[in-house]
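The values are calculated or read from the model by the stated rules, or taken from the named source; none is laboratory data. Computed from a predicted model, the values in this text were never measured in an experiment. We place every Cβ from the backbone using ideal geometry, glycine too, and count neighbours over all the protein chains shown.
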Amino acid sequence: MAQNRPAPAYQEYAAAMMARTDYRVLSLAERGLLYSLRLECWVNQTLPESPDVLARVLGLDHAEVAKALPAVMRFFRGIDGLITCPELEDYRTHLEGIRERQSAGGRRGAEKTNEARAPKRTEVLSGNPSSNPSSSPSSHPSGNFRVLSSVQPSPAQPRGRGFSGEVYREVDGWGDFTTGPEQEVER
């Protein structure tokens, strides 16, 4: 669950319930018990099947609950002394599936976004001058290089010199790089 909490509500179309014959034949008291049980099942998922205990949980008169319960049980399932509402449990499963698919889609979208933001070319150039010429890439001279910017220098920063006097040179078409003091070359 994205927010680590259950869905706060279930959606129900009044016309769908009112069109059901098994709902239409219920008395007013039975309809009231039906909706009390449905709301309780949504929040707590199960209720005690015993009319005595159920009446105490609902805060209703034992005799009224015992009289109306058989008529409303066609909307519920009794398992191991507990009442559940299969329709609401199916709906809860449906909502959890939607959340899982949304979460998975969000993760896939984040991966695509992060891939698009990742540098297209990454290369680690050694900061230490190499005494072994075979250890440095053949297309790059050995030495200390660092990327300053892919943007061209401004008029305030004359071409070929950085703010602290570094000398820039272009390597393999990749922006401006600086060389170490021992490798300065004037343009």
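Scan region 118-133 for residues that are within 42 Å of the chain's Cα centre (by Cα) and either surrounded by 11 or more Cβ atoms within 10 Å (Cβ to Cβ) or at pLDDT 85 or above (or both) and jot them down.
GLU123, LEU125, SER126
Within region 61-84, the set of residues being at pLDDT 95 or above and hydrophobic (A, V, I, L, M, F, W, C) comprises ALA63, VAL65, ALA66, ALA68, LEU69, ALA71, VAL72, MET73, PHE75, PHE76, LEU82, ILE83.
So that you can scan it fast, the table gives a plain yes or no per residue for (1) small (Gly, Ala, Ser); (2) more than 22 Å from PRO6 (Cβ to Cβ):
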position: TYR23; (1), (2): no, yes
position: LEU26; (1), (2): no, yes
position: ASN44; (1), (2): no, no
position: ARG56; (1), (2): no, yes
position: ALA71; (1), (2): yes, yes
position: PHE76; (1), (2): no, no
position: PRO86; (1), (2): no, no
position: GLU89; (1), (2): no, no
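Selection of helices (runs of 4 or more DSSP H) fully inside region 1-84 by the criterion of at least 3 residues being touching a helix residue (DSSP H, G or I) at 6+ places or on another chain (Cβ under 9 Å) and closer than 29 Å to ARG101 by Cβ returns 28-44. For region 46-65, taking the residues that are more than 37 Å from the chain's Cα centre (by Cα) and surrounded by 15 or more Cβ atoms within 10 Å (Cβ to Cβ), the one that is nearest to TYR91 (Cα to Cα) is identified as GLU49.
The number of residues in region 49-73 being within 15 Å of ARG38 (Cβ to Cβ) and in contact with a strand residue (DSSP E or B) (Cβ under 7 Å, 6 or more places away or on another chain) comes to 2.
SER136 fulfils the conditions (1) touching a Gly at 6+ places or on another chain (Cβ under 9 Å); (2) at pLDDT 85 or above; (3) of a type outside the set (D, E, K, R) except for a single criterion, (2). For region 21-44: of the residues being exposed (fewer than 15 other Cβ atoms within 10 Å of the Cβ) and over 14 Å from ALA71 (Cα atoms), which is nearest to the chain's Cα centre (by Cα)? Ranking the qualifying residues of region 21-44, first place goes to VAL43.
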